1. Can you tell which of Val182, Ile138, Thr247 lies farthest toward the positive end of the dipole of the chain, using +1 and -1 charges on the Cβ of basic and acidic side chains (Lys, Arg; Asp, Glu)?
2. If you count the DSSP beta bridges with both ends in the chain, what percent of them are antiparallel, to the nearest 5?
3. For segment 149-218, what is the accessible area per residue in Å² when the probe is 1.4 Å?
4. Can you give the calculated 222 nm mean residue ellipticity of the chain, where each DSSP H run of n ≥ 4 adds -39,500 (n - 2.57) and the sum is split over every residue, rounded to the nearest 500 deg cm²/dmol?
5. If packing is taken as the mean number of other Cβ atoms within 10 Å per residue, what is the order of 169-175, 111-117, highest first?
6. Taking GluC sites (Glu not before Pro) as exposed when DSSP calls them loop (any state but H, G, I, E, B) and at most 16 other Cβ atoms lie within 10 Å, what is the longest stretch of the chain free of them, the sites themselves excluded?
7. Starting from the Kirkwood radius over alpha-carbon pairs of segment 3-94, derive D by Stokes-Einstein at 10 °C in a medium of 1.306 mPa s and give it in µm² s⁻¹.
8. Choose one of Gly280, Phe125, Ala89: the residue whose Cα lies farthest towards the positive end of the charge dipole of the chain (beta-carbon charges +1 Lys, Arg; -1 Asp, Glu; about the Cα centre).
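The values are calculated or read from the model by the stated rules, or taken from the named source; none is laboratory data. The structure presented is a predicted model; accordingly, all values stated were derived computationally and were not measured. Positions of Cβ are backbone-derived with ideal geometry, glycine not excepted, and every protein chain shown enters the neighbour counts. Heads up: the accessible areas ignore ligands, DNA and RNA and are worked out on the full protein's heavy atoms, side chains in. Shrake-Rupley method; radii C 1.70, N 1.55, O 1.52, S 1.80 Å.
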Amino acid sequence: MDLNIREKLENIVSRAVSKLDEAGTPEALNEIRVSFLGKKGELTGVLKSMRDVAPEDRPKVGQLVNEARDMLEAKLETVRKKIEAAVLAKKLETEIIDVTLPARKTVFGHRHPNTIALEEVERIFTGMGYEVVSGPEIEYDLYNFEKLNIPANHPAKDEQDTFYINKEIVLRTQTSPCQARVMEQGKLPIRMISPGRVFRSDEVDATHSPSFHQIEGLVVDKHITFADLKGTLEQFAKELFGEDTRTKFRPHHFPFTEPSAEMDVSCFKCGGKGCRFCKGEGWIEILGCGMVHPHVFEMCGIDPEEYTGFAFGVGLERIALLKYEIDDMRLLYENDDRFLKQF
Ligand code: DAH
């Protein structure tokens, strides 16, 4: 019996050792460990068969099994170290790091000219006590047209320049619907600007894009007059384009203001003499404006007998193009950072 088990153990150990000598990877090593020392391993099997050993032989046999296990474990440890060293050596050989290579540069983006111009406009108006509010880009026809005094058959609603979602919902064609939304809330007085994206079914060219940006402005209070409108927008023009800028108001028509005007600024390039930049005019048109139409007030729940107000709408791209002397609007949408980095 004793001899039998001794032989069995010697046999197990020698087979395990020769297998271990051939093992080349951590996985192979683990497999061998499990097959000899694991729960169902061969050596564990011998240990389990101890109950068949005569009681007087057990201490001796137990000692033999323990010796065999210690040998195997020692051998496993040696082979494990050898394999790890080999794996590391291989890694060091293949994963060469050239520490002299220049580091990869982090590429930072750049604020878009539209953003820079918008921040400037916001700075000017918040400095005069205006709030900045935003409205939805997908808007009800009711706000985009009806409440701005643009009834059902008005040409401004033409399918050619409005993106209709359905009969009642459109991609807003202007930021003016924010006027109606703010007035409806009924918190008076109002002093707000509302910048945002607008959409028109226009072909892309140097001065048009189907999606562009406007900044709406609205002031409603008691005793607001056209003088307030002029003073405010003149101040705006001076801060934006320089202290020497002069302004000119030309009569115009917008359905939601009465009277309405367009404001021109003296060309900041030639000072008004006429140049290529202002196409020889000396003046550059920059916004539409007017006194809020009494009917618009009524539709938005404000008493036009008690309150008056003025509104204006500026094209953001127009300001960015002028301020940074960019001659093609398409450049603003190409996102070429060689272009953007200039501003
Ligand atoms: N919404 C007008 C447009 O898109 C611009 C405008 C004109 C806005 C006069 C106004 C305004 O608030 O009073 O052409």
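1. Looking along the dipole axis, the top candidate is Ile138.
2. The antiparallel proportion sits near 95 percent.
3. It amounts to 49 Å² per residue over segment 149-218.
4. Here the helix-only value at 222 nm equals -12500 deg cm²/dmol.
5. 169-175, 111-117
6. On the way: sites that count: Glu56, Glu95, Glu137, Glu159, Glu168, Glu203, Glu243, Glu281, Glu305, Glu306, Glu325, Glu334.
Formally, the longest exposed-site-free interval is 1-55.
7. 112
8. Selected residue: Ala89.
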